[in-house]
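Have a look at the structure below, then the notes.
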Amino acid sequence: MKDSEIVDLYWKRDENAIRESDVKYGKMLRSVSNNFVSTEQDAEECVNDTYFKAWNQMPTDRPDKLGAYLTKIVRAVSVDRYRAETADRRGGPAIASEELSDMIPSDFSIDDHIDSQLLKETLNAFLSGLPKFSRIVFVKRYFYCESIMQICADTELTSSQVKTSLFRTREKLYEILKKEGLI
């Protein structure tokens with residue numbers, strides 16, 4: 001089923017929208033959620049919460065890319081779940097985006113500024129200007145929160161190559177954010 005047809009089902013309040021979303025995107029959403037939460041059950045709950053939010057908050061502009069829309073929701077839900085799970089613990093696994101904080105001054109919070117239109121435009125321009133390989137590695141690590149080993153398996157690169165690519169890309173991003181006055 002096409003994304004536009006599934007979105008129409010959401011707007012018609014047809015419960016088949018959730019079933020069709022799960023058929024088309026469920027595996028991907030669970031995979032993204034699993035990169036953040038500790039159990040399959042938690043990932044499943046995050047996916048269910050995603051469908052609930054989509055049901056209640058389908059935007060009026062009707063997303064053309066339902067997969068991207070649902071992925072954004074599941075990522076936010078999963079990050080919230082991760083933070084709730086690790087709030088009282090020290091030394092828990094770091095969310096990959098925290099690696100970016102090494103390149104950015106401590107008074108700048110990615111989470112606080114992520115909705116800034118200028119930051120979105122700058123990041124989009126930055127990502128579109130990267131070579132395809134670097135863009136894929138960067139997005140896999142910092143949006144989908146995949147481990148270095150997962151990225152290596154997907155791209156057939158060595159751990160060293162992935163880490164070097166990420167380091168260089170973070171340095172470029174830092175310079176662009178600095179030039180734009182975002183840090």
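The values are calculated or read from the model by the stated rules, or taken from the named source; none is laboratory data. Bear in mind the structure is a predicted one, so any value in this text is a computation, not a measurement. Neighbour counts are summed over all protein chains in view; Cβ atoms, including those assigned to glycine, are modelled from backbone coordinates with ideal geometry.
Quick look at the values:
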read-out: From Leu157, Leu173, residue being surrounded by 15 or more Cβ atoms within 10 Å (Cβ to Cβ), in contact (Cβ under 8 Å) with a residue 60 or more places away in the chain, more than 23 Å from Ser38 (Cα to Cα) and not assigned by TED's automatic domain parsing to the domain that holds Arg30; value: Leu173
read-out: Boolean, Tyr10 is touching a helix residue (DSSP H, G or I) at 6+ places or on another chain (Cβ under 8 Å) and within 25 Å of Cys145 (Cα to Cα); value: no
read-out: Test result for Phe138, surrounded by fewer than 17 Cβ atoms within 10 Å (Cβ to Cβ) and either in contact with a helix residue (DSSP H, G or I) (Cβ under 8 Å, 6 or more places away or on another chain) or not assigned by TED's automatic domain parsing to the domain that holds Val74 (or both); value: no
read-out: Qualifying positions in region 56-70 - in a helix (DSSP H, G or I), surrounded by fewer than 14 Cβ atoms within 10 Å (Cβ to Cβ) and either under 18 Å from the mean Cα position of the chain (by Cα) or in contact (Cβ under 8 Å) with a residue 24 or more places away in the chain (or both); value: Ala68
read-out: Qualifying position, being within 25 Å of Tyr142 (Cβ to Cβ) and acidic (Asp, Glu), among Glu44, Glu5, Glu20; value: Glu44
read-out: Region 1-55 - residue that is part of a helix (DSSP H, G or I) and among the small types (Gly, Ala, Ser) and, of those, surrounded by the fewest Cβ atoms within 10 Å (Cβ to Cβ); value: Ser4
